[in-house]
Amino acid sequence: MRVIAYRAYRVLCLLCGIVAAVMAGSCSDDSPSAYGDKTDGCVTIAHLKTLARGLSTTINHDLTIEGYVVANDLFGEYYKSIVLCDGSGGIEISVDCDDTARRFPVAARVVVHCSSLALGDYGGAMVLGAQPTGEYIVDRIAEKDIDRYFVIDRSVAQNIEPQRVTIPELTPSQINNYVVIEDVTFGSQAGEAWCERDTLTGDYLTTDRVLTDRDGNSIVVRIDRHCLYAFEPVPSGYGSVAAVVDYFDGAYLLRIVNRKVLF
């Protein structure tokens, strides 16, 4: 039954993708008025985000999104989460899985059945997860529930090309979207390890590095302590960084994906 339902949703999602492309190409106007009151069927990721009300919103409608995986834990950059993108934008999905690179490989097409899941607003960035049971605004989707909420199709893998942007061009519609920023430098931080160490335990710490363009515009690049290259040196000179745009308390930041740092 799941296979039959998935085929039906593929048709609906294709139509959604066409609408998204017409509306905005790689980014859409994510205001509620842009999508009307649709509360069932296949919707774009940008549409889904407009349903958030407050810090945590349970999705009580039979909604489905479809997109391609652009980030997982292949290099340890996203711990127990993935990022899914479609023609309208992207969203981080919190999953209690220790091997998302195997379950959700980069470029795989994924359908997410959103009914009973929750949208969480982390300082302006949306995360999709399970309904909260404690102090967090969303919980991780349990590994035993992956087959309940996800249809993962590896047979039609499609690499999503990052959108070329400059630091000043970043907008709210690009939060959780996959971008590349070129002709930038880490300046005086070159040669330092990507992640600093705790002086007492020696453990790596999630560390912020700063990327600057030739006009002096800068943006934080957040390096997760779990990443496999935490000990490697930050590159010198000018180059490009492919990353997912994050946002917290009024500031954009980048999270490198798939180790795509070309200097």
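Based on this model, can you work out whether Y149 counts as outside the structural domain of V244 (by TED's automatic domain parsing), among the hydroxyl-bearing types (S, T, Y) and modelled with pLDDT under 95?
No.
List pairs: first in the range 56-83 and in the same structural domain as V245 (by TED's automatic domain parsing), second β-branched (V, I, T) and surrounded by fewer than 24 Cβ atoms within 10 Å (Cβ to Cβ), Cβ under 8 Å, 6+ apart or cross-chain?
Partner pairs satisfying both residue conditions: none exist.
Could you list, in sequence order, all residues of the range 107-135 that are part of a loop (DSSP other than H, G, I, E, B), closer than 25 Å to P172 by Cβ and at pLDDT 95 or above?
Correct list: C114, L117, P132.
Out of the residues in the range 59-74 that are in a loop (DSSP other than H, G, I, E, B) and under 15 Å from the mean Cα position of the chain (by Cα), state the one that is surrounded by the most Cβ atoms within 10 Å (Cβ to Cβ).
N72
For Y229, which of the numbered conditions (1) modelled with pLDDT of 95 or more; (2) farther than 22 Å from V106 by Cβ; (3) hydroxyl-bearing (S, T, Y) fails to hold?
Result: Y229 fails condition (2) only.
Applying the selection to the range 100-128, what residues are in contact with an Asp or Glu (Cβ under 6 Å, 6 or more places away or on another chain) and either on the phi < 0 side of the Ramachandran plot or among the basic types (K, R) (or both)?
Residues satisfying the conditions are T100, A101, R109, V111, S115, A125, V127.
Residues of the range 160-170 being without any contact (Cβ under 8 Å) to a residue 60 or more places away in the chain and in a loop (DSSP other than H, G, I, E, B), which ones?
E161, V165, T166
Six or more apart or on different chains, Cβ under 9 Å: which pairs go from a residue in the range 176-199 that's basic (K, R) to one that's surrounded by 15 or more Cβ atoms within 10 Å (Cβ to Cβ) and not in a loop (DSSP other than H, G, I, E, B)? Could you list them?
R197/Y204
Residues that are within 30 Å of D62 (Cβ to Cβ) and in a loop (DSSP other than H, G, I, E, B): does the range 142-155 have at least one?
Checked against the condition, which is being within 30 Å of D62 (Cβ to Cβ) and in a loop (DSSP other than H, G, I, E, B), the range 142-155 yields at least one hit.
The values are calculated or read from the model by the stated rules, or taken from the named source; none is laboratory data. These numbers were taken from a predicted model, which means no experiment stands behind them. Methodologically, a virtual Cβ is constructed for each residue, glycine included, from the backbone with ideal geometry; neighbour enumeration extends over all protein chains shown.
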